[in-house]
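Structure first, commentary second.
The values are calculated or read from the model by the stated rules, or taken from the named source; none is laboratory data. A quick note: this is a predicted structure, and the numbers were derived from the prediction, not measured. Here the Cβ positions follow ideal geometry from the backbone for every residue, glycine too, while neighbour counts run over all protein chains shown. Keep in mind that these areas ignore ligands, DNA and RNA; they rest on the heavy atoms of the full protein, side chains included. Shrake-Rupley method; radii C 1.70, N 1.55, O 1.52, S 1.80 Å.
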Amino acid sequence: MDQPLPNAAARPALPRTVWVLGVVSLLMDLSSEIYHALLPAFLTITLGLPVAAMGALDGFAEATASMAKLVSGRLSDRNQRRKPWILLGYGMAALSKPLFPIATTALPVLGARFVDRLGKGIRGAPRDAMIADETPPELRGRAFGLRQSMDTVGAFLAPLAAIGLMILFRNDIRAVFWVAVIPAFLSFGFAWVMLRERGDHAPIKAKIKWGGFRDLDPAVKRLIGVGFLFGMARFSESFLILKGIDAGISASWSPIVLALFNLAYLLLAYPAGILSDRMSPKGLLLVGIGLLVAADLVLAKGVSLWTVGLGVILWGAHMAFTQGIFSRMIADAAPEAQRATSFGAFFFVSGIAALLSSLGAGLIWDRSGASATFTAGAVLAAVAGAMLVLLPRSDRSAT
């Protein structure tokens, strides 16, 4: 396949599928992030739960999603179908949303988050595999960056919508949760109607086995190792909201922290994806890990709104230089027949790390405070960066 030409107008266009999945992600994130923006205050203030409980809830939810990614990725590769799993995942997420406003204790919230994250997990690996299937290798960074950017548009608008709706409904969180149901169902409907799947895939006749990790490409395994350490360093963004509240932001205005985080993420995700098509993805991933170290150190020391704001911006920037880049590197390293399985394995291990990270962050926060929490994150991120540096240069995804 020809290399992309310097003239941007002569470059091949991104596939329609990438744009459709981008719109679907935008709508679902608009819904999900309204809940995410208000849940820390809802759990710790309205329901009176400790921070450790919030960390456990976030970690458990993400681990659930990761387990589902492993299974759906393997099944998607077995029958070489992507759309049914994507629709199932978005459908479950949409159906979970009405459970939040009717919750009166932590247990129903846990159930709603479980169903929501299970849906996220089911759709995740097949969705990324579909993007990799239908995008030329020289455009993969751009494709993953665009999907991530459109996803983040929804995540950026959501906290702003949450603030506006809280004002409109006079701080009635449950009323805001009911409104957030609407874009979730629009997301599922758009995917059902607009998403098209290639029909030239032949089913792979292979038994589903949990020993499949042994069969993964060595380059994928090494990236999974880096992803685990990175996941241990990157705990839930809920802790950013709590840091903002500690710095003096009211509970009603606390979603502004997520808006600032997602603005930085949104502005940089697509440019980072374009850069990964033109230079070393490994180098860009190192930049992202370095940004996380810097964000953690600023948040560990910061007590004013300005320093917290800087730390949140750096946190968003690190996401732009890591999430799509990891996906690009996995897509490059994985054989086509194992593409969704490789994504699923990577997300599964990263999710287990996220569970441990959020649990640990909550315990450290309750016992030693915010500074110790973010300092621990900086140390783990630095270790992940060191492991990435040691990856062999022969890895296709790392060169």
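Tally up the residues in region 66-104 that are within 22 Å of T341 (Cα to Cα) and not in a helix (DSSP H, G or I), please. Break it down stepwise before answering.
At the first step, the residues of region 66-104 found to be within 22 Å of T341 (Cα to Cα) are 66-93.
Keeping just the survivors that are not in a helix (DSSP H, G or I) gives 80-82.
Here the count works out to 3.
Considering only residues that are within 15 Å of L286 (Cβ to Cβ) and free of Cβ contacts under 8 Å to residues at least 60 places away in the same chain, which ones fall in region 354-389?
A386, the sole residue that qualifies.
Which helices (runs of 4 or more DSSP H) sit wholly inside region 255-327 and have at least 1 residues that are touching an Asp or Glu at 6+ places or on another chain (Cβ under 7 Å) and not charged (D, E, K, R)? Please lay out each step first, then the result.
Values: elements: 256-278, 281-301, 305-320.
By residue number, 256-278.
If L26 passes every condition in (1) more than 28 Å from W253 (Cβ to Cβ); (2) modelled with pLDDT of 80 or more but one, which one does it miss?
(1)
Checking the conditions here, which among S304, S254 is more than 30 Å from S72 (Cα to Cα), surrounded by fewer than 22 Cβ atoms within 10 Å (Cβ to Cβ) and either under 16 Å from the mean Cα position of the chain (by Cα) or at pLDDT below 90 (or both)?
Among S304, S254, only S304 is more than 30 Å from S72 (Cα to Cα), surrounded by fewer than 22 Cβ atoms within 10 Å (Cβ to Cβ) and either under 16 Å from the mean Cα position of the chain (by Cα) or at pLDDT below 90 (or both).
When the residues of region 328-340 are filtered to those that are part of a helix (DSSP H, G or I) and hydrophobic (A, V, I, L, M, F, W, C), which remaining residue is most open to solvent (accessible area, probe 1.4 Å)? Even if it seems obvious, please write down each step before you answer.
From region 328-340, those part of a helix (DSSP H, G or I) are 328-333, 336-340; that's our starting set.
Adding the requirement that they be hydrophobic (A, V, I, L, M, F, W, C) leaves 329-331, 333, 337, 340.
Details: M329: 0, I330: 1, A331: 1, A333: 0, A337: 56, A340: 0 Å².
Checking each candidate, the answer is A337.
Yes or no: region 160-180 includes at least one residue that is part of a loop (DSSP other than H, G, I, E, B), acidic (D, E) and at negative phi.
The answer is yes, given that some residue of region 160-180 is part of a loop (DSSP other than H, G, I, E, B), acidic (D, E) and at negative phi.
What is the one condition in (1) at pLDDT 90 or above; (2) of a type outside the set (F, W, Y); (3) out of contact with any Leu (no Cβ under 7 Å at 6 or more places or on another chain) that I245 does not satisfy?
(1)
Okay, residues lined up against (1) among the hydrophobic types (A, V, I, L, M, F, W, C); (2) open to solvent by 30 Å² or more (accessible area, probe 1.4 Å); (3) within 19 Å of E237 (Cα to Cα); (4) at pLDDT 85 or above:
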{"residue": "A132", "(1), (2), (3), (4)": "yes, no, no, yes"}
{"residue": "F144", "(1), (2), (3), (4)": "yes, no, no, yes"}
{"residue": "R147", "(1), (2), (3), (4)": "no, no, no, yes"}
{"residue": "L160", "(1), (2), (3), (4)": "yes, yes, yes, yes"}
{"residue": "I163", "(1), (2), (3), (4)": "yes, no, yes, yes"}
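Within region 100-115, track down each residue that is among the β-branched types (V, I, T) and open to solvent by 60 Å² or more (accessible area, probe 1.4 Å). I'd like the intermediate steps shown before the answer.
Residues of region 100-115 that are among the β-branched types (V, I, T), as a first pass: 102, 104-105, 109, 115.
Passing the criteria: I102, T104, T105.
Could you tell me which residue of region 359-379 is most open to solvent (accessible area, probe 1.4 Å), considering only residues that are among the aliphatic types (A, V, I, L, M) and modelled with pLDDT of 90 or more?
So in region 359-379, the residues among the aliphatic types (A, V, I, L, M) come out as 359, 361, 363-364, 370, 372, 376, 378-379.
Still in the running and modelled with pLDDT of 90 or more: 364, 372, 376, 378-379.
Details: I364: 59, A372: 37, A376: 35, A378: 7, V379: 88 Å².
Selected residue: V379.
Please enumerate the residues belonging to region 341-354 that are over 26 Å from D133 (Cβ atoms) and buried (at least 24 other Cβ atoms within 10 Å of the Cβ).
Once the filter is applied, which keeps residues that are over 26 Å from D133 (Cβ atoms) and buried (at least 24 other Cβ atoms within 10 Å of the Cβ), region 341-354 yields A353, A354.
Determine whether A37 is modelled with pLDDT under 85, hydrophobic (A, V, I, L, M, F, W, C) and open to solvent by 10 Å² or more (accessible area, probe 1.4 Å). It would help to see each step written out before you state the result.
Numbers: modelled with pLDDT under 85: yes; hydrophobic (A, V, I, L, M, F, W, C): yes; open to solvent by 10 Å² or more (accessible area, probe 1.4 Å): no.
When the stated conditions are applied, A37 does not pass them.
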